[in-house]
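> My questions all concern the structure below.
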Ligand SMILES: NC(=O)C1=CN([C@@H]2O[C@H](COP(=O)(O)OP(=O)(O)OC[C@H]3O[C@@H](n4cnc5c(N)ncnc54)[C@H](O)[C@@H]3O)[C@@H](O)[C@H]2O)[C@@H](O)CC1
Ligand SMILES: [K+]
C-alpha cells in the first residue's frame with residue numbers, strides 16, 4: 001500500500017481497464033482472494049489512521065464494495081476494535097465473495113446494526129464501503145434508495161475520520177462527478193478524508209469533485225503485477241529536469257520575450273480590464289521571461305502604478321509577432337477581435353486565454369486561422385480555457401464539459417491542434433497525440449479573479465524559454481504546460497497565502513525554474 005505522492009507520475013485507469021485488470025486478477029488468484037486482500041488492506045489502513053478509535057462504523061453496500069467492508073470488519077473486530085456494521089445487502093442476493101465475507105464477519109461476532117451510531121467522535125473512524133466501481137449512473141434509471149441515502153448522509157456528515165473503500169461512494173470513477181442523486185450537501189466535508197483505491201488509481205479521484213471527495217489517496221495493487229493496460233491519463237508529478245538550473249553564461253535573450261496583448265480600456269464598453277493584462281505580464285516577468293512587453297488594448301494606458309518598471313509598453317504594430325511568445329486575451333474584451341486574426345496568422349508561439357477564446361468560439365474565420373497554425377511544425381499554440389470558455393469553444397455547456405473533463409480537453413486539443421489546459425480543480429493538460437495529464441497541485445485559494453491571467457503569463461514565460469534549435473518542440477511545449485500548471489498550483493499552496501491570496505501576490509511569488 002502506498003500513499004499517493006507526486007514524486008513520479010502515476011497512471012490513471014478508467015473503469016473499463018480497471019474491470020479488465022480485476023477480471024484477470026480474479027482468474028489468476030481464484031475466488032475471494034482479492035476481496036480478502038482488499039479487506040485486509042482496508043483494516044490495516046484503518047488501524048493506522050485511527051489507532052485510538054473507540055468505535056469503527058462500517059457502512060457496507062449490497063455489492064462487492066460492501067464485501068470489502070465486511071472482510072475488514074471481521075479483521076478489525078479480531079484486533080480488538082469495537083466495530084459496528086450497517087449492511088444494505090441480503091444473503092439471497094449477495095455475490096459468492098461477499099457472502100463468504102459476511103459469514104466471516106458474523107462468525108467473528110461483529111455487531112450488525114439497523115441504525116448508524118449517533119455517537120461517532122473525532123477520534124473514531126467511519127469506513128465508507130457503500131459503493132465502488134459498480135455504481136451505475138442515475139440516467140440508466142437508478143437512484144439511491146432511502147436506506148442508501150440515509151447512510152450516505154451519515155458518512156458525509158460525520159465528525160469521525162472517513163476512509164472510503166476504492167472510491168467515495170457516489171463519485172464516478174472516470175469523471176470525478178457525483179452520479180445524479182448522489183450529490184452531497186454543498187457544505188464542505190469537515191472531517192479528515194482518505195480513499196484507498198484498489199488495483200488502479202482512477203482519474204475521477206483527482207479532477208472535478210474528486211479531490212474534495214477523496215481527500216488523501218492511497219493505492220494498493222492487491223499484489224497483482226502492474227497493469228499493462230494503457231492509462232486514460234497520468235497524474236502529473238513535480239517537474240524536474242525540464243529546465244535545468246540556468247547557466248551562468250546566459251542572457252535575457254536566452255529566456256525569450258513574452259508579449260501580452262489584452263486589457264480592454266474603460267472607454268471601450270465601460271468595463272476596464274487592463275488589470276488582467278498587467279497580471280499576465282507580471283507573472284511572465286516573475287516566472288523568468290527574458291523580456292516582457294505589454295501591448296494594452298486600452299490606448300489610454302501609458303502608465304499604471306501596477307506596471308513594474310521591467311515591463312515595456314508597446315504599441316501593437318511595434319510587436320515582433322514572430323519572435324515573441326504572445327499571450328493573448330487576458331481582459332481582451334471585444335477589442336481583442338481587431339488584433340487576433342493577425343496574431344493567429346503570424347505569432348509563432350501563442351497562448352490564448354479568456355476573451356481570445358471567446359472570440360474564436362464565435363468566429364469561423366478565426367477558427368480556420370487557428371486550424372492552419374497546426375500545420376506549421378515551428379508554431380506552438382496553447383489555450384487555457386476554464387470550463388465555460390471550453391463549453392463555448394465546443395458548442396456545449398459547462399455541465400457537459402465537467403461531466404467528462406478529460407474528454408473535453410482532448411476534444412479541444414484535437415479539434416484545434418493545440419495544447420489544451422482545461423482549468424478547474426484537477427486541471428487537465430493535453431495535446432494532440434498525448435495522453436492527458438491531471439495536475440494535482442493548487443487549492444481553493446485560486447478561485448479568485450485574475451489567477452487565470454497569472455497562469456497564462458506563466459505559461460507564456462515557459463514557452464518563451466524553449467530552445468528553437470532542439471527537436472521535439474511540440475512535446476517540450478506540452479511538458480512546459482504541465483510544468484506551468486504544477487508551479488501555479490504549488491505557488492498557491494505556499495504558507496505565504498495562508499491568510500488569503502490575490503492574483504498579483506501569486507504572480508510575484510512565481511520564480512524562474
Ligand atoms: N470482484 C472482486 O473480487 C473484487 C471487488 N472489489 C471491490 O468491489 C467493488 C466493485 O463491486 P461491485 O461490482 O459489486 O460494485 P459496487 O459494490 O461498487 O456497487 C454495486 C452495488 O451498488 C448498487 N448500485 C449501483 N448503482 C446504483 C445506483 N445508481 N443506485 C443505487 N444502488 C446502486 C448495486 O445494486 C450493487 O448492489 C470495487 O469497487 C471494490 O471495492 C475489490 O475488492 C477487488 C476485488
Ligand atoms: K466506497
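The values are calculated or read from the model by the stated rules, or taken from the named source; none is laboratory data. Bear in mind that the values here come from a model prediction, so they are computed numbers and not experimental data. Using ideal geometry, Cβ is built from the backbone for each residue, glycine included, and neighbour counts are taken over all protein chains shown.
> Take the residues in region 360-383 that are out of contact with any helix residue (DSSP H, G or I) (no Cβ under 8 Å at 6 or more places or on another chain) and over 11 Å from residue 417 (Cβ atoms), then tell me which one is surrounded by the fewest Cβ atoms within 10 Å (Cβ to Cβ).
Taking the candidates together, the pick is 364.
> Pick out the one residue from 219, 152, 135 that is in a loop (DSSP other than H, G, I, E, B) and within 16 Å of ligand 2 (Cβ to nearest atom).
135
> Any idea which residue in region 189-212 is nearest to the chain's Cα centre (by Cα), counting only those that are away from ligand 2 (no atom under 15 Å from the Cβ) and farther than 24 Å from residue 44 by Cα?
If we take residues in region 189-212 being away from ligand 2 (no atom under 15 Å from the Cβ) and farther than 24 Å from residue 44 by Cα, then 207 is nearest to the chain's Cα centre (by Cα).
> Just a yes or no: is a residue in region 5-27 within 11 Å of ligand 1 (Cβ to nearest atom), in a loop (DSSP other than H, G, I, E, B), touching a residue at least 12 places away in the same chain (Cβ under 8 Å) and in contact with a strand residue (DSSP E or B) (Cβ under 8 Å, 6 or more places away or on another chain)? Show your work before the answer.
Going residue by residue through region 5-27, those that are within 11 Å of ligand 1 (Cβ to nearest atom) are 15, 18-19, 21-23, 25-27.
Restricting the remaining residues to those that are in a loop (DSSP other than H, G, I, E, B) gives none.
No, that holds for no residue.
> For the structure I just gave you, tell me whether residue 37 is near ligand 1 (Cβ under 10 Å from one of its atoms), surrounded by fewer than 18 Cβ atoms within 10 Å (Cβ to Cβ), assigned to a helix (DSSP H, G or I) and touching a residue at least 12 places away in the same chain (Cβ under 8 Å).
no
> Pick out the one residue from 160, 173, 105, 94 that is buried (at least 20 other Cβ atoms within 10 Å of the Cβ) and within 15 Å of ligand 2 (Cβ to nearest atom).
So the residue among 160, 173, 105, 94 that is buried (at least 20 other Cβ atoms within 10 Å of the Cβ) and within 15 Å of ligand 2 (Cβ to nearest atom) is 173.
> Among the residues of region 110-131, how many are touching a strand residue (DSSP E or B) at 6+ places or on another chain (Cβ under 6 Å), over 10 Å from residue 53 (Cβ atoms) and either within 16 Å of ligand 1 (Cβ to nearest atom) or assigned to a strand (DSSP E or B) (or both)?
Total satisfying the criteria: 6.
> With respect to residue 484, is the statement that it is more than 27 Å from residue 205 (Cα to Cα), buried (at least 24 other Cβ atoms within 10 Å of the Cβ) and modelled with pLDDT of 95 or more true?
Spelling it out, it is not the case that residue 484 is more than 27 Å from residue 205 (Cα to Cα), buried (at least 24 other Cβ atoms within 10 Å of the Cβ) and modelled with pLDDT of 95 or more.
> Scan (1) more than 19 Å from the chain's Cα centre (by Cα); (2) within 11 Å of ligand 1 (Cβ to nearest atom); (3) not in a helix (DSSP H, G or I) for the single condition residue 163 breaks and write down its number.
Status for residue 163: all satisfied but (2).
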